[in-house]
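K.L.:
Would you mind keeping the following structure in view while I ask a few things?
Please treat every number below as a calculation from the coordinates, not as lab data. This structure is a prediction, so every number in the text was calculated from the model and none was measured. Cβ: placed from backbone, ideal geometry, glycine included. Neighbour counts: every protein chain shown.
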Amino acid sequence: MSFQVKQSMKLSQQLRMTPQLQQAIKLLQLSRIELEVAVRKELDENPMLEELADGPGEEVAASTKEIQDQVAEPEMASAGQDPQKNEEFDWENYVDNQQRTPQNLGAPSEEIMNYENLISAPRSLYDHLKWQVNLSGFNDEELVIANILIGYVDDDGYIKTPFEVIAQEEGVTAQELEEILPFVQEFDPPGVAARDLRECLLVQAKMLQEDTHDLVYLLNHHLKDMEKKNFEGIAKAMDKNLEEIIDMSKIIFEMDPKPGKTFAPNDTQYVTPDVYVYPVGDEYVVSLNEDGLPKLKISNFYKNILKADDTNKITQDYIQDKLKSAVWLIKAIHQRQRTIYKVTESIVKHQREFFDKGSAFIRPMILRDIASDIGMHESTISRVTTSKYVHTPRGIFELKYFFNSGISTSSGESLASESVKLKIKDMVDKEDTKSPLSDQKIVELLKQEGIEIARRTVAKYRDVLGILPSSKRKKYF
């Protein structure tokens, strides 16, 4: 048995995730708002970066050759230079100049309040309940319990935390909470502070100015049947006419199952498109949206310091480091914008019928189609199409919208899943609400149009579209 030591050479390719590459990938997948925040943060932290002002005479940030040459320049600091040697700053002249600026000449000592620019904050559900607690005439002990209860009311208007847990956390008893709860449930909006849907509807029923005995019985014993709209079963169980049950159901359906939603903050999200597609004659032109994105350039002040002969070694190293970081950020942003442009241009080419005729004519398309067209990896296409929006003559869409799986038709062609969803939605919109289409019926109707699709796929698309099952879509009145 012998041991031998040998040397061998092996050539292999490896992808190393350098910090610059990681930064480029990170910027690529950021949404427009996230990109603006990241750039603003870098502007605050990196003194080498400045925002390019709009106007003549400003240098363009895109030309990075000069910057790169500066990064590669040899260090110019002379050895033995005292790093503490800096010219004294003339604070006296600085303050004097600041006091003579036109903005300060003749300016009043106090800013005049412009009340037209003031806006009021929306009133929250808690504020509304707190106001009512203070007007309810509770004694000190009751006031404490009432404030505890309204503190556990969620955005929908419910108290979903068990009273045993509240009692343990707040140092009170569950009995005290039970005693004050009916008074809090008399507050506006009707049904607030209920612990479940049944209690919420019962609280609203008790506020009606009419006999609610049968209504309360229906809510207590047949709420599940109400959800399924099994009015015939309810009528039989309560020994009532179907018309009476329908009349009571109308009252219940007018109640608010989420009373707190009227005070919920507006969750509307506004989308700023990253790219525009304009029709010009018979063609479509792609244009990047640069509005709002800071245009970056390298600071001339720090470039001059870097070139100066008397700049010390520590300062040079610091500026060189920040300069490299600034250059990479500018290049990464430009690369991101170019990639978005190329991907959008390819999407327009592949989805020409969509832009000409609308969503019903969108074609099946996968990430590989675009990746092969523009010579990029599928992961890059995935990142660049996530949370990026395009403004088209047909509306604003996320770039991901244009990627659809294909569904075979009887003619042998492939139809985009998005087109099938639109067909299902159109069928449901036109259906007889007293006899809604079942999933199986939708399958049969699609088959008549040459679209072969399984019932479970119809159910899946219906859920995606937010369409209820036929049993819950049926209307009796």
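K.L.:
Among 343-351, 201-209, how do they line up from the highest to the lowest mean number of other beta-carbon atoms within 10 Å? Before the final figure, lay out each step's value.
P.N.:
On the way: 343-351: 20.7, 201-209: 16.8.
Answer by packing, highest mean first, reads 343-351, 201-209.
K.L.:
Also, quick follow-up: Which residues does a label at Ser136 reach in the range 175-198, if reach means a backbone N under 17 Å from a point 7 Å past the Cα toward the Cβ?
P.N.:
175-196
K.L.:
Net charge near Pro257: determine it from the other residues with C-beta under 13 Å of the C-beta of Pro257, scoring Lys and Arg +1 and Asp and Glu -1. Walk me through the numbers on the way to the answer.
P.N.:
Values: positive: Arg198, Lys258, Lys261; negative: Asp156, Asp196, Glu199, Glu227, Glu254, Asp256.
Around Pro257, the surrounding residues sum to -3.
K.L.:
Then there's this: Between beta-carbons, use under 15 Å as the cut-off and find the net charge around Pro189, counting Lys and Arg +1, Asp and Glu -1.
P.N.:
Values: positive: Arg123, Lys130, Lys206, Lys258, Lys261; negative: Asp127, Asp154, Asp155, Asp156, Glu186, Asp188, Glu199, Glu254, Asp256.
Local net charge: -4.
K.L.:
Let me ask something else about it. Going by how many other Cβ atoms sit within 10 Å of their own, how do Tyr318, Tyr270 line up, fewest first? Spell out each step's value before the answer.
P.N.:
Numbers: Tyr318 15, Tyr270 5.
Listing Tyr318, Tyr270 from fewest to most nearby Cβ atoms yields Tyr270, Tyr318.
K.L.:
To continue, here is another question. Express in nm, to one decimal, how much length is gained between Gln440 and Glu290 on full extension, taking 0.36 nm for each residue of separation and deducting their alpha carbon distance. Walk me through the numbers on the way to the answer.
P.N.:
Working: separation 150, 0.36 × 150 = 54.00 nm, distance 4.87 nm.
Taking Gln440 through Glu290 to full extension adds about 49.1 nm, to one decimal.
K.L.:
Can you work out the FRET efficiency for the pair His213 and Ala360, with r the C-beta to C-beta distance and R0 = 45 Å, to the nearest 0.05? List each step's numbers first, then the result.
P.N.:
Numbers: r = 53 Å, r/R0 = 1.18.
It comes out at approximately 0.25.
K.L.:
A further question on this structure: Set the Förster distance to 30 Å, then compute FRET efficiency between Glu164 and Lys261 from the Cβ-Cβ distance, nearest 0.05. Could the numbers behind the result be given before it?
P.N.:
Details: r = 27 Å, r/R0 = 0.91.
For R0 = 30 Å, the calculated efficiency reads 0.65.
K.L.:
Sticking with this one: Considering Cα pairs under 8 angstrom that are at least six residues apart, work out the relative contact order of the range 393-451 and quote it in whole percent. Don't skip to the end; give the middle numbers.
P.N.:
Numbers: 28 pairs, mean separation 17.8, N = 59.
Relative contact order comes out at 30 percent.
K.L.:
Restricting to Cα pairs below 8 Å that are 6+ residues apart, what does the relative contact order work out to for the range 125-263? Please round to a whole percent.
P.N.:
Working: 140 pairs, mean separation 34.5, N = 139.
Computed value for the range 125-263: 25 percent relative contact order.
K.L.:
A further question on this structure: Distance check, please: which entries in Lys250/Lys472; Lys421/Lys441; Lys357/Lys425; Lys224/Lys421 exceed 21 angstrom between their Cα atoms? Kindly include the intermediate steps, with their values, before the conclusion.
P.N.:
Details: Lys250/Lys472 15 Å; Lys421/Lys441 15 Å; Lys357/Lys425 18 Å; Lys224/Lys421 30 Å.
Check vs 21 Å cut-off fails for Lys224/Lys421.
K.L.:
Also, quick follow-up: Amide H to amide H, which residues 5 or more places from Ser408 or on other chains are under 5 Å from it, using H placed in the peptide plane?
P.N.:
Leu415
K.L.:
In whole Å, what is the distance between the alpha-carbon centres of the range 425-443 and the range 154-208?
P.N.:
Cα centroid to Cα centroid, the span is 40 Å.
K.L.:
What number comes out for the charge environment of Phe477, summing +1 per Lys or Arg and -1 per Asp or Glu over other residues with Cβ under 13 Å away?
P.N.:
Working: positive: Lys229, Lys250, Lys434, Lys474, Lys475; negative: Glu243, Glu244, Asp247, Glu254.
Result for the local shell: +1.
K.L.:
Which listed residue (Thr161, Ala174, Pro257) has the Cα farthest towards the positive end of the charge dipole for the range 125-263, taking +1 on Lys and Arg C-beta and -1 on Asp and Glu C-beta about the Cα centre?
P.N.:
Result: Pro257, furthest along the dipole toward the positive end.
K.L.:
Name the residue farthest towards the positive end of the dipole of the range 407-473 from the options Gly466, Val420, Val443, assuming +1 on Cβ of Lys and Arg, -1 on Cβ of Asp and Glu, about the Cα centre.
P.N.:
Gly466
K.L.:
Would you list, by chain and number, the lysines whose Cα falls below 18 Å from the Cα of Lys261, excluding same-chain residues fewer than 8 positions away?
P.N.:
Answer for Lys261, where 18 Å is the Cα cut-off: Lys130, Lys160, listed by chain and number.
K.L.:
Let me ask something additional. Rounded to the nearest Å, what's the spacing between the alpha carbon centres of the range 359-409 and the range 248-301? Just the number, please.
P.N.:
Centre-to-centre distance over Cα atoms comes out at 19 Å.
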